[in-house]
Amino acid sequence: MAKQKPSRLDQLVYLLMYPLNWLEERSSIPGRSGLVGGVKYFLFRKVPSDISWGHTLGSAALTAFIVQAVTGVILAMYYKPDPNSAYESIRNITDNLWAGWLVRGMHKWGASVFIILLFLHMGRVFLYGAYKYPRELNWIVGVLILVLGMLEGFFGYLLPWDQTAYWATVVGVNLQATGPFVGPFLGDVLRGGAEIGPDTLARFYSLHMLVLPGALIALILLHLWLVVRIGVSSPPWSPDEFGRPQPGPPPAPRKGLVEPAPRNGRLVAPVGRGARRR
Amino acid sequence: MNRRLEERRAYYARYKRDVKSRGKSFFPVAMFHDTVMSLLVVCLIVALAVIWKYTASEGTTDADSGWLGKLYDEKSDPGTTNFVPRPDWYFYFLFYLLRIFKWPDSVILGTVGIPTIAVLLLIALPFIDVSPERRPLRRPVAMTAAILTIITMGVLTYKGATAKEPLAAENLVLVPKWAAKQGFADNQTAVDGAKIFAQVGCMNCHTYEGAGSSNLGAPDLTTIGKTSNRGVAGFVDYVSDPSKFGNNVMPQFRDLGADNLRKLGTFLQSSGTCSPKTDTCPAAGGQ
């Protein structure tokens, strides 16, 4: 076998895939775990060649979400969801813990960055008309992610248990209670009683760090799965937009005629037939 | 209808064929772009946290605030009611909607109606805009709607951010003027009640004699003694727990204590009943 020096890219791919190949070889059904296949499919799936920086806003939002998840887990190790110690635990994180201020600051500001990126991403999808067939379902999943993301902000706002947090939540919960039929009931459920107190804080904490993140992770995975399966749309103003009808004769038969040509080495006949057809 | 569906299917078939024939692999170029962008996002978040920390000094007063606000606020105290509720910035548009819709007839539009309609419209967008056209310049209706939405959200957010809340000290100056105009200057209980009214945060939502701000749809209270006429004890009951009277927006002010509540009730009952004096105007010093 003639040894060809692998290209730099091939070497990089080999290195990246090495741990996965190792795992695959040692799993019970070698070659069937789908791990290598899945990652290869994700990495080497074809995307339109004219996609650009606009298409990075979704993964940017995902990055902000991951920052929220990681900093949130660290904060949960030191935060105490109890009215008597919640405020003090936040002060402790900010003032005494090593880099505690950084973790809290990143969580606080990461929330805003996440929301902004969600809106920018939505704006990009709107501008490209990328919510149209066959991507309607993914648009709906995206809207749900936006709504849950904003609810994360609402429930997280109470946790520092300071004046801003407390009074904004008093008003916020009272507003929900103005809703028809379920409104007053919803208000009571959120407060865990008639007034905002220990039960409210525990409920908000549970919703903020268990229920909503769980739902968000599920929706984000579905969102990504649909993106990968359906494919991203190319910019509609791109000169060779993917999916735009080509001017002139329908391209499908022409392709069929040209493609076999180099394989068979019979250049004359297909070209001639193609020419006669026109 | 069928033709439209076929048109859409044909688009997607062409798209898949194009991707197969002239698409490029996600790795490495597109993935590189995503990685660079993700790193920028992380750097931005760290930078915001650093700026927030190092421009602010430790403490809870406004003077300790840095470029990005205070490190922490004071601990929550259900007893103090002179605090202005402020949501996070991305709820400012909702916050301002509540100033537009007045209590009690239309407040539900601001709290539940418009937000629900907005979310439903967003979800329904792909089913409202069904044309296969994707080029922005050929979608005038969609683009106009989007631009109007962005402008509306921007204006509401800006208005919510800059909405000025009256300061307690500013309101306190007005009390003698109210007393003279409303004719309760000789009733010290009512004057004390007016001072409480000016300071404990009532005017963050209610207006009185043209002062204060109309928020969350709360009514003007200039003539509340005449229009509502609950009597001093009735106002005390109401303010202690508004939810008993079907008002789930206004917070409870029971923590003010019986004495303060009696003064506040006297002030409210005096409003609109003492000048010209009617028999529902509370007597000076009395109950």
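Each residue of the range B:205-210 was assigned a 3J(HN,Hα) from its phi angle through the Karplus expression (A = 6.51, B = -1.76, C = 1.60, θ = phi - 60°), giving 10, 9, 9, 8, 6, x Hz with x at Gly and Pro.
What's the average, rounded to a whole number, of partner chain beta-carbon atoms within 10 Å of each residue's beta-carbon in B:62-75? Can you show the working numbers first?
Numbers: counts 0, 0, 0, 0, 0, 0, 4, 2, 2, 8, 10, 9, 5, 12.
Mean shielding count: 4.
Taking the C-alpha atoms only, the angle from helix A:268-277 to the longest principal axis of chain A is near 80 degrees.
How many partner chain Cβ atoms sit within 10 Å of a residue's Cβ in peptide A:39-46, on average, as a whole number? Let's see the in-between values first.
Working: counts 1, 1, 1, 3, 6, 3, 6, 10.
That average works out to 4.
Working from label points 7 Å from Cα in the Cα-to-Cβ sense, the B:ALA180 to B:GLU7 distance is 7.3 nm.
For the peptides B:189-200, B:53-64, A:132-143, the ranking by packing is B:189-200, A:132-143, B:53-64, with the highest mean count of neighbouring Cβ atoms within 10 Å listed first.
Please pull out the direction-averaged projected area of the range B:85-163, using the convex hull of its alpha-carbon atoms, in nm² to one decimal place. List each step's numbers first, then the result.
Details: hull surface 25.2 nm².
So the Cα hull casts an average projection of 6.3 nm².
Per residue of peptide B:140-151, the mean number of Cβ atoms on other chains within 10 Å of the residue Cβ is 1.
Quick one: grab the alpha carbon gyration tensor of the range A:26-125, order the square roots of its eigenvalues as a ≥ b ≥ c, and give me rounded if a/c is under 1.5, else prolate or oblate depending on whether a/b is larger than b/c.
On the way: a/c = 3.75, a/b = 1.62, b/c = 2.31.
Oblate.
Computed from the alpha carbon positions, the gyration tensor of the range A:140-231 leads to an equivalent ellipsoid with semi-axes of 29, 15, 11 Å, biggest first. Here the Debye sum runs over all C-alpha atoms of the range B:1-122 as equal scatterers in vacuum, and log10 of I(q)/I(0) at q = 0.16 Å⁻¹ comes out as -1.02. Could you give the angle, 0 to 90 degrees to the nearest 10, between helix B:231-240's Cα long axis and the longest principal axis of the Cα atoms of chain B? For B:231-240 against chain B, the angle is about 30 degrees. Note on the protein assembly as shown: Cα-Cα pairs beyond 44 Å make up 36% of the total pair count. For B:TYR72, nonlocal amide neighbours, meaning residues 5 or more places apart or on other chains whose placed amide H falls under 5 Å from its own, are B:GLY59.
Dividing the summed -39500 (n - 2.57) terms of all DSSP H runs of n ≥ 4 by the residue count of the protein assembly as shown sets its mean residue ellipticity at 222 nm at -19000 deg cm²/dmol. Bridgeable lysines around A:LYS80 (alpha carbons under 19 Å apart, same-chain partners fewer than 8 residues away excluded): A:LYS108, B:LYS75. The Cα center of the range A:202-233 and the Cα center of the range A:84-162 differ in position by 12 Å. Remark: spin-label model distance B:SER65-A:GLU88 equals 2.9 nm, labels positioned 7 Å along the Cα→Cβ axis.
For the ranges A:57-69, B:136-148, B:252-264, what's the packing order if you count other beta-carbon atoms within 10 Å of each residue, average per peptide, and put the highest first? Show your work: numbers first, answer last.
Details: A:57-69: 22.0, B:136-148: 13.2, B:252-264: 17.5.
Answer by packing, highest mean first, reads A:57-69, B:252-264, B:136-148.
Of A:GLY38, A:GLY110, A:GLY100, the residue with the greatest mean-square motion in the GNM of chain A, using alpha carbon springs below 10 Å, is A:GLY38.
Seen from every direction in turn and averaged, the convex hull around the alpha carbons of the range B:157-238 projects onto 5.8 nm².
Taking amide H as placed 1.01 Å from N in the peptide plane, the amide H of A:ASP162 sits under 5 Å from that of B:SER76, each at least 5 places away or on another chain. For the range A:93-179, the normalised intensity computed at q = 0.22 Å⁻¹ comes to -1.06 (log10 of I(q)/I(0), Debye sum over alpha carbons, equal scatterers, no solvent). Separation of the range B:254-283 and the range B:26-52, taken as the distance between their Cα centroids, equals 60 angstrom. Once you sort the root eigenvalues of the Cα gyration tensor of the range A:57-230 as a ≥ b ≥ c, which label holds: rounded (a/c under 1.5), prolate (a/b larger than b/c) or oblate (the other case)? Oblate, because a/c is 1.5 or more while a/b does not exceed b/c.
Computed from backbone phi, the HN-Hα couplings of the range B:248-265 come to 9, 8, 6, x, 7, 10, 4, 5, 5, x, 4, 5, 4, 5, 5, 4, 4, x Hz, rounded to whole numbers (Karplus: 6.51 cos²θ - 1.76 cosθ + 1.60, θ = phi - 60°; Gly and Pro given as x).
Specify whether the C-alpha gyration tensor of chain B places it in the rounded, prolate or oblate class, a ≥ b ≥ c being the square roots of the eigenvalues: rounded for a/c under 1.5, otherwise prolate if a/b is larger than b/c and oblate if not.
Values: a/c = 3.76, a/b = 2.06, b/c = 1.83.
In terms of gyration-tensor shape, prolate.
Scanning residues 5 or more positions from B:SER25 or on other chains, those with amide H under 5 Å from its amide H are A:VAL47, with H placed 1.01 Å from N in the peptide plane.
Each label was represented as a point 7 Å from its Cα along the Cα-to-Cβ direction; for A:VAL189 and B:VAL46 these points are 4.2 nm apart.
Here, each number is a calculation from the coordinates, and none is a lab measurement. Given the structure is predicted, the values throughout are model-derived calculations rather than measurements. Virtual Cβ from ideal backbone geometry, glycine too; neighbours counted across all protein chains shown.
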